[in-house]
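Here the structure comes first, spelled out in structure tokens, and everything after it is commentary.
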Amino acid sequence: MIYLSRRYFIHVSKMSIVFRIAARNLLRHLHKTILLVVLIASGIGFLFVANAFFESSNKGLRAAYVGSLSGDAVMAPDPGASFGLFGSEVPIVSEYETIPALSEFSKLRDLLSASGRVAEWTPIVSVAARIQLAGFTQNGTVFGVDSERYFSLCSDLTILRGDARSLSSGGVFLNEAMAAKMETALGRRLLPADNISLSCYSGGSFRIRKGHFAGVYRYKARTEVLDRVILVDPTIARSLANYTLGYVSASRKELASVPAQDLDSLFEGGTDRQEPEAEGVSLDSIARVLGETGVRDSLVLTDQAAWSFILLKLRPGDWRRAAKELAASVSRAGMETRILDWRAAAGTSVLALTALQAVFYVSLAFIAFGAILVIMNSLVISVLERSAEIATMRGLGAGVGFIRTLFIIESLMLTFVASLVGILGGVAACLVLGREGIPISNGILVTLFGGDHIIPLISFSAIAFHMALALGIGLLSWIYPVAIALRIQPALAMTR
């Protein structure tokens with residue numbers, strides 16, 4: 001025990017000496033130390049401010065879609081094709097391919113009601129359609145919604161005119177941007193008596209439905225895709241999507257259960273049989289068949305339980321884990337339904353914005369790499385200027401470990417002070433910029449940052465991350481200079 005205590009005391013004393021020598025070296029070469037501190041602090045401060053803006057964009061992008069369009073996750077049909085809220089992800093057929101209805105909606109509803117992960121949910125019907133009133137025509141996406149549930153889950157939507165309850169009686173709610181274009185084309189304000197035509201072509205048939213103007217709503221952030229979304233009575237959307245009892249029942253048949261047969265098997269075991277003479281076709285028989293419309297009428301009725309998607313608002317916590325658990329529950333129940341996160345549900349509408357974020361982060365990586373090279377170059381010069389000092393320490397018996405530890409401690413002290421200065425400067429810059437925000441007008445940037453002003457976000461996790469990043473850069477920057485220092489031969493360096 002005494003031996004261990006003595007070794008510990010010697011080690012602490014040795015490290016104390018190393019710290020004092022490192023601090024003395026930094027103070028003795030004060031002009032170089034200040035230069036390196038300024039370089040590191042400037043780089044860390046710039047990275048901190050840039051990352052604060054990116055954190056703002058992540059929050060803004062999520063708020064633009066989660067709170068007003070998709071919720072945290074979406075239950076979607078699993079037909080073997082890729083469908084998002086706006087239809088097929090294949091651009092060529094996205095406007096002509098109908099989204100299949102969810103199968104076993106009643107079971108899904110019971111599962112969601114029993115789930116402890118789901119705070120709210122609402123079903124919707126999604127279909128691409130052409131919107132027309134008088135001389136105004138525009139293609140868009142029609143969402144048939146349950147007005148009570150939908151506006152509760154999508155709480156970031158703002159109703160500017162009208163009553164959401166009128167959606168359940170054939171109403172049509174227009175996006176603010178589309179309503180403005182329509183009123184400009186008409187030369188007057190829209191009135192509740194205006195009938196808006198909605199038409200859709202899919203599955204070889206053309207369908208037209210009408211609804212009355214019920215109101216105007218606004219998204220928190222605007223994009224070209226969101227400006228084309230209108231909300232309607234779900235019965236209208238089901239009719240456009242051809243969600244009839246006949247269509248839905250046919251689409252839900254298990255075709256895979258039909259056994260495969262080849263051509264020869266169709267004629268195996270065939271025997272001759274004498275059939276009685278059939279009655280010929282007459283006008284009376286045709287009229288009798290066509291007059292029996294009960295079955296046909298029932299099959300073309302709208303299926304009131306048919307929905308395209310279910311939007312989910314999950315309880316606070318790890319929403320990714322909650323979505324995985326929900327997907328596992330659906331799979332165990334044997335239902336052909338998949339769980340999409342909000343990015344996948346928004347589809348190509350959010351792809352460009354995500355790509356723009358990726359470009360920003362790649363740019364940050366290049367900036368960080370450039371900072372490492374600049375700092376490393378400065379430290380190499382510093383090491384070469386101190387070659388005689390290093391050689392003298394080696395000649396007096398300083399080992400390789402001592403020299404390596406000395407330089408590492410110098411780097412840690414230098415980068416810690418510099419990163420602290422840089423982060424404090426970055427926080428101050430974010431506070432100044434965040435007082436009023438930076439105004440923006442570009443539509444993509446408005447959506448990317450979730451509003452018409454950019455406000456940088458400061459968090460303790462960001463401070464810790466940039467502190468760790470600075471220390472990591474300092475350690476990496478000293479690897480090559482330390483290698484140079486350890487290769488210096490004492491005798492040769494002392495004779496120069």
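Restricting to segment 207-245, give me the number of residues that are under 28 Å from the mean Cα position of the chain (by Cα), basic (Lys, Arg) and not in a loop (DSSP other than H, G, I, E, B).
In the first step, residues of segment 207-245 are kept if they are under 28 Å from the mean Cα position of the chain (by Cα); the result is 216-232, 234, 237, 241.
Next, only the ones that are basic (Lys, Arg) stay: 218, 220, 222, 228.
Subset that is not in a loop (DSSP other than H, G, I, E, B): 218, 228.
Qualifying residue count for the region: 2.
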- When LEU167 is run through (1) in contact (Cβ under 8 Å) with a residue 24 or more places away in the chain; (2) surrounded by fewer than 16 Cβ atoms within 10 Å (Cβ to Cβ), the failure sits at (2)
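Okay, residues lined up against (1) in a helix (DSSP H, G or I); (2) of a type outside the set (Val, Ile, Thr); (3) under 14 Å from PRO234 (Cβ atoms); (4) out of contact with any Pro (no Cβ under 6 Å at 6 or more places or on another chain):
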residue	(1), (2), (3), (4)
SER152	yes, yes, no, yes
ASP156	no, yes, no, yes
LEU160	no, yes, no, yes
LEU167	yes, yes, yes, yes
VAL172	no, no, yes, yes
LYS181	yes, yes, no, yes
- Task: Considering every residue within segment 184-199, establish whether at least one is in the same structural domain as ARG161 (by TED's automatic domain parsing), surrounded by fewer than 20 Cβ atoms within 10 Å (Cβ to Cβ) and touching a Cys at 6+ places or on another chain (Cβ under 7 Å).
- Result: no
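Is it the case that VAL400 is of a type in the set (A, V, I, L, M, F, W, C), surrounded by 12 or more Cβ atoms within 10 Å (Cβ to Cβ) and at pLDDT below 75? If you could, list the steps in order and put the result at the bottom.
Details: of a type in the set (A, V, I, L, M, F, W, C): yes; surrounded by 12 or more Cβ atoms within 10 Å (Cβ to Cβ): no; at pLDDT below 75: yes.
Taking the combined requirement at face value, the residue does not satisfy it.
If you take the residues of segment 200-234 that are closer than 24 Å to ALA305 by Cα and touching a Lys or Arg at 6+ places or on another chain (Cβ under 8 Å), which of them is surrounded by the fewest Cβ atoms within 10 Å (Cβ to Cβ)? It would help to see each step written out before you state the result.
Initially, segment 200-234 is screened for residues closer than 24 Å to ALA305 by Cα, giving 200-212, 214, 229-234.
Checking the rest, the ones that are also touching a Lys or Arg at 6+ places or on another chain (Cβ under 8 Å) come to 200-201.
On the way: CYS200: 23, TYR201: 16.
My answer is TYR201.
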- Message: Tell me the residue from THR392, THR415 that is of a type in the set (S, T, N, Q), assigned by TED's automatic domain parsing to the domain that holds ILE473, part of a helix (DSSP H, G or I) and closer than 17 Å to ARG487 by Cα, please.
- Response: THR392
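The values are calculated or read from the model by the stated rules, or taken from the named source; none is laboratory data. Worth saying up front: this structure is predicted, and the values here are computed from it rather than measured. FYI the Cβ positions are ideal-geometry reconstructions off the backbone, even for glycines, and counts take in every protein chain you see.
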